[in-house]
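All of the numbers you see were taken from the coordinates with simple rules; none came from a lab. Nothing here was measured: the structure is a model prediction, and the numbers come from that model. In this analysis, Cβ positions are derived from the backbone assuming ideal geometry, glycine residues included, and neighbour counts consider all displayed protein chains.
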Amino acid sequence: MKYYLIIFSLFIMLFPVWADNEDLVSKTADQAITAYHNKDYDTALTHFLYLENNNIINADLFYNIANCYFRQSQIGKAILYYKKALKVDPAHQAAASNLKFILTLTKDKIDTPENGALSRFLLRLYHSFDLNKAALFTAVLFFILIILLILLQTVFQNRDKSLPIFLIFLVVILLVISATISYLKYQNFHSASDAVVIAQTAIGYSGPGVEYTRVFTIHEGMICQIENTNDDWMLIKLPNGIGGWVQTNLLEIVKIKEN
């Protein structure tokens, strides 16, 4: 464990990543990064959160916020923001690596069924595109389809149509796949189906109230799926399939703030 802690500490001590060059936020971003370099994580976090509260949606921003929370030993919040970074950019390797490591530091170790080879391949394919790339690829395929249809009616009007028809068939298949991925990405980006325990301890009950039977006790950093809400209570499902009602203020939803 010490070996991994050393590697992780060295990793997050590297210069925090920042990819947004907008003039409006560059000064705040510079101040945040400077504070982070000076190990003033409170100030860095304040500046980074200011950017988030001003509707800056950026995977690197969420990654940096997560690093600050980790430095403050707020494991739940760190996991929350690594998840946010991956929601914006599923291919963000730094966020994925840090999340994988920080989950080893949580108190709850719940085994989940391992995916098969085909499922892992499909998940890698799905996560290889973010929403913008998937939408762009879909638009390009649609444009290519239009061009092929025009060529079919003009250049190949009096010729053998086997090749253009085959290409059109292939492009249509790719277009359907790409459009499906884009739709799923859009739904996932705007969804609020996951939550992270940010309190040290959270008790799950069989109903929305402390008078119900206790079902489980979970701890900071646990990632769960939201099934339902009822006033100040949230019905969640753990990775092992067990469900229960938990007080809403003990959790924070993995959701991207938007206008």
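For this structure, a couple of remarks:
- Y212-Q72 FRET efficiency (beta carbon distance; Förster radius 41 Å; 0.05 resolution): 0.75
- The calculated FRET efficiency for L103 paired with I57, based on their beta-carbon distance and R0 = 25 Å, is about 0.55.
- For M222, distant residues with modelled amide H under 5 Å away: V197
- Over 31 Å (Cα to Cα) - which of K107/K133; K77/K185; K39/K185 fall in this group: K107/K133; K39/K185
- Distant-in-sequence amide H partners of A202 (H built 1.01 Å from N, under 5 Å): I218, H219
- Compactness of the range 41-84 as Cα Rg over 2.2 N^0.38 Å, two decimals: 1.00
- Loop-located GluC sites (Glu not before Pro) across the range 188-259 with a Cβ neighbour count of 15 or fewer within 10 Å are E211, E258, with loop assigned by DSSP.
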